Amino acid sequence: MREDMFKVIVERPRLVNSNGYSRDGRKFRNDENAPNRLGMKRGYTKRPKWLNENLAPLKRYLEQQVDRPWDKVYSEIRATIDARSTVQHHILQHIDGFVAIDTHWVETPDGGKVIVRRPWSCTHVLLEDARIELFVHPKTGILLRNRRFVSWDRRVREQRAMKKAQECIDRRDIDPLHQLRRIDGIWYEVTIGLLPVPRMQGDEIVHDSCWDAVCKEWVSRQHGAADTYAVSKRQLGAKELKKYALGA
């Protein structure tokens, strides 16, 4: 672990000064409101630094230590980071967010499973249910990667894909104003209408609401990007289900 890791993690240069001008002073000197005569150092300031939460270097370092004994990895970290320093101790507190250190082994009929403590919590869960990428094996003490870990971005993408796929299954467009929608296992013909555009009433903008027959709530253009709503819905009969080749 590099000796200046704590500086890389907790410090970074300030690219913009507190007065809003860049450090090279060109924006300040070219401002039309600037004085006619300027000193040579006007608009130029020393590049100060401030604390931040740039924990990516620490995360990369820990990922590179996979398959190594955790005791050795932690010893290397402590050799570089002094816990007596408030700033450096702050880094040690973030390790729990990347590595599950408090782990236990429980015997199960299929051989056994790892129990880990949730980050910054006293509760314990199965490793496959824990949203943490690295863990210390309770038997071997080796730093390992959680193969069941799914990043937040990936979970969001998968949920969106599943929702979109389900919408394609439960919805068929007949024309711009009519849809076939499966709601709670029952197919309906839904009539679509346009939401009223905002109007001025005195000095205020008024968003008229309409009752959505599918969502069963009042909606307006103010509540989202959609500009349509379900005016009404009608359950399909047996002949219509057969006509559109829909399941009962």
Residue count for the range 88-144, restricted to those that are part of a loop (DSSP other than H, G, I, E, B) and either within 25 Å of LEU55 (Cβ to Cβ) or β-branched (Val, Ile, Thr) (or both)
17
Does GLU217 count as surrounded by fewer than 10 Cβ atoms within 10 Å (Cβ to Cβ), without any contact (Cβ under 8 Å) to a residue 12 or more places away in the chain and out of contact with any Cys (no Cβ under 6 Å at 6 or more places or on another chain)?
no
When you check ALA130 against the structure, is it small (Gly, Ala, Ser) and touching a Phe, Trp or Tyr at 6+ places or on another chain (Cβ under 7 Å), yes or no?
no
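Let's see how each residue does on (1) touching a Lys or Arg at 6+ places or on another chain (Cβ under 7 Å); (2) in a helix (DSSP H, G or I); (3) in the same structural domain as TRP70 (by TED's automatic domain parsing):
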| site | (1), (2), (3) |
| --- | --- |
| VAL150 | no, no, no |
| LYS163 | no, yes, no |
| CYS168 | no, yes, no |
| ASP173 | no, no, no |
| ARG182 | no, no, no |
| GLU189 | yes, no, no |
| MET200 | no, no, no |
Just need a number here: residues in the range 202-237 that are part of a strand (DSSP E or B) and either over 34 Å from the mean Cα position of the chain (by Cα) or not small (Gly, Ala, Ser) (or both).
16
Subset of the range 51-71 that is closer than 20 Å to PRO138 by Cβ and exposed (fewer than 13 other Cβ atoms within 10 Å of the Cβ) - its residue that is farthest from the chain's Cα centre (by Cα)
ASP71
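The values are calculated or read from the model by the stated rules, or taken from the named source; none is laboratory data. These figures come from a predicted structure and were not determined experimentally. Note that each Cβ is placed from the backbone with ideal geometry, even for glycine, and that neighbours are counted across all protein chains shown.
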